[in-house]
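Peer 1: The following block contains the structure, expressed as structure tokens.
The values are calculated or read from the model by the stated rules, or taken from the named source; none is laboratory data. This is a predicted model, so every value here is computed, not measured. As a convention, Cβ positions derive from the backbone with ideal geometry for all residues, glycine included, and neighbour counts pool all protein chains shown.
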Amino acid sequence: MTPAEQRFHFISGLPRSGSTLLAALLRQNPRFHAGMTSPVGALFSGMLNQFSAGSEFGPVISDEQRQRLLAGLFTSYYADLQDKRVVFDTNRLWCARLPALKHLFPQAKVIACVRNVAWVMDSIERLYRANPYENTKLFGDDAERSTVYSRVETLAQRNRLVGFAWSALKDAYYGEHASSMLVVEYELLAQAPEKVLRLVYEFIGEPWFEHDFEHIEYDAPEFDQALGVRGLHKVRPRVGVERRQTVLPPDLFEQYASLNFWQNSHSQAHVIRSAASAPSSASARAITPASGIAG
């Protein structure tokens, strides 16, 4: 298979919202490649910086050359995967780069994984507490990591792990290319994985593959150890929802539980909702633009 025959799609959205689980499921299909966050997003941004105003090289690189170089970044990075017809590249950055992605790959789709923001914060806080002898790289100094309040406030900043991903997701959700986005809620993916995956396949226009939801394999211990957050990308072998009490103080949980804009807002993005429009339901609705979804 030549690079031109590969199809590129993108996994993005909020952290701790099922992107690694989704990739672990998709990679069971021998025609697909998917995984955790790749370096392509960082390389993409680095190249753009070299093209842009203020760079000594910007004036001598034409738009056509820029497009070829950026498209070549994907085909070169994935050149060893010529047996994979469909490549899913994962990065929270992609929601902020949707205009460029659609220009480079007009048929590309973005699967945006989301979750109640309060539970995103809860999940990260649990990982932090599970590594009490490690100063994770998620925080820059003792002031940021000192208490649950400072940790959550730091994560929520617009240039940090959760804040950037949330802002980029909202940018794409209301943007001109929103119709190329499919929003997948974590709870529904965990409760009804086959129904959700069938809708994902429908959205990207690929024939269905029988997945094994009882035996899932994915882990990246070396990467997680380098961040000082053991277990960040480990997927449990069986899909399911873990019921638990939050470790966040009530005021903090309430503050971030109100940020789930994709649940009620109008957009041309596609959203997979439960039949009752609530996480407790395990039946997935057909995908439709968010502007056409009732509660």
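Peer 1: Look through region 45-67, keep the residues that are surrounded by 13 or more Cβ atoms within 10 Å (Cβ to Cβ) and assigned to a helix (DSSP H, G or I), and return whichever of them is nearest to the chain's Cα centre (by Cα).
Peer 2: Looking at the filtered set, the residue picked out is SER45.
Peer 1: If you don't mind, another one. Identify the single condition in (1) at pLDDT below 85; (2) surrounded by 18 or more Cβ atoms within 10 Å (Cβ to Cβ); (3) within 30 Å of PRO132 (Cβ to Cβ) that ARG243 does not satisfy, given that it satisfies every other one.
Peer 2: Checking ARG243 against (1) at pLDDT below 85; (2) surrounded by 18 or more Cβ atoms within 10 Å (Cβ to Cβ); (3) within 30 Å of PRO132 (Cβ to Cβ), the one that fails is (2).
Peer 1: What residue, of LEU98, LEU73, is closer than 22 Å to MET36 by Cβ, assigned to a helix (DSSP H, G or I) and either at pLDDT below 95 or in contact with a Gly (Cβ under 8 Å, 6 or more places away or on another chain) (or both)?
Peer 2: LEU98
Peer 1: So which of SER12, SER38, SER17 ends up being farther than 17 Å from ILE204 by Cβ, buried (at least 24 other Cβ atoms within 10 Å of the Cβ) and in contact with a strand residue (DSSP E or B) (Cβ under 8 Å, 6 or more places away or on another chain)?
Peer 2: Just a single option satisfies the conditions, and that option is SER17.
Peer 1: Here's something else I'd like to know. If the requirement is being more than 29 Å from GLY163 (Cβ to Cβ) and of a type in the set (Asp, Glu), which of these qualifies: ASP89, ASP80?
Peer 2: Step by step, each of ASP89, ASP80 is checked, and only ASP80 is more than 29 Å from GLY163 (Cβ to Cβ) and of a type in the set (Asp, Glu).
Peer 1: Do you know which residues across region 127-176 are surrounded by 19 or more Cβ atoms within 10 Å (Cβ to Cβ) and among the polar types (S, T, N, Q)?
Peer 2: Once the filter is applied, which keeps residues that are surrounded by 19 or more Cβ atoms within 10 Å (Cβ to Cβ) and among the polar types (S, T, N, Q), region 127-176 yields only THR154.
Peer 1: Given the conditions (1) surrounded by fewer than 19 Cβ atoms within 10 Å (Cβ to Cβ); (2) under 19 Å from ALA24 (Cα atoms); (3) of a type in the set (S, T, N, Q), report the number of the one that SER179 does not fulfil.
Peer 2: (2)
Peer 1: For region 93-126, give me each residue that is surrounded by fewer than 21 Cβ atoms within 10 Å (Cβ to Cβ) and without any contact (Cβ under 8 Å) to a residue 60 or more places away in the chain.
Peer 2: Hits for region 93-126 are ALA100, HIS103, LEU104, PRO106.
Peer 1: OK, next. Which one is farthest from SER267 (Cα to Cα) among residues in region 171-213 that are part of a helix (DSSP H, G or I) and among the aromatic types (Phe, Trp, Tyr)?
Peer 2: If we take residues in region 171-213 being part of a helix (DSSP H, G or I) and among the aromatic types (Phe, Trp, Tyr), then TYR201 is farthest from SER267 (Cα to Cα).
Peer 1: Going by the structure shown, is SER17 at pLDDT 90 or above and in a loop (DSSP other than H, G, I, E, B)?
Peer 2: In short, yes.
Peer 1: For region 22-50, which residues satisfy the criterion of being farther than 21 Å from GLU185 by Cα and of a type in the set (Ser, Thr, Tyr)?
Peer 2: If the condition is that a residue be farther than 21 Å from GLU185 by Cα and of a type in the set (Ser, Thr, Tyr), then SER38, SER45 are the ones that fit.
Peer 1: For region 112-169, which helices (runs of 4 or more DSSP H) that fit wholly inside it have 2 or more residues that are among the hydrophobic types (A, V, I, L, M, F, W, C) and farther than 19 Å from MET36 by Cβ?
Peer 2: Correct list: 117-129, 148-155.
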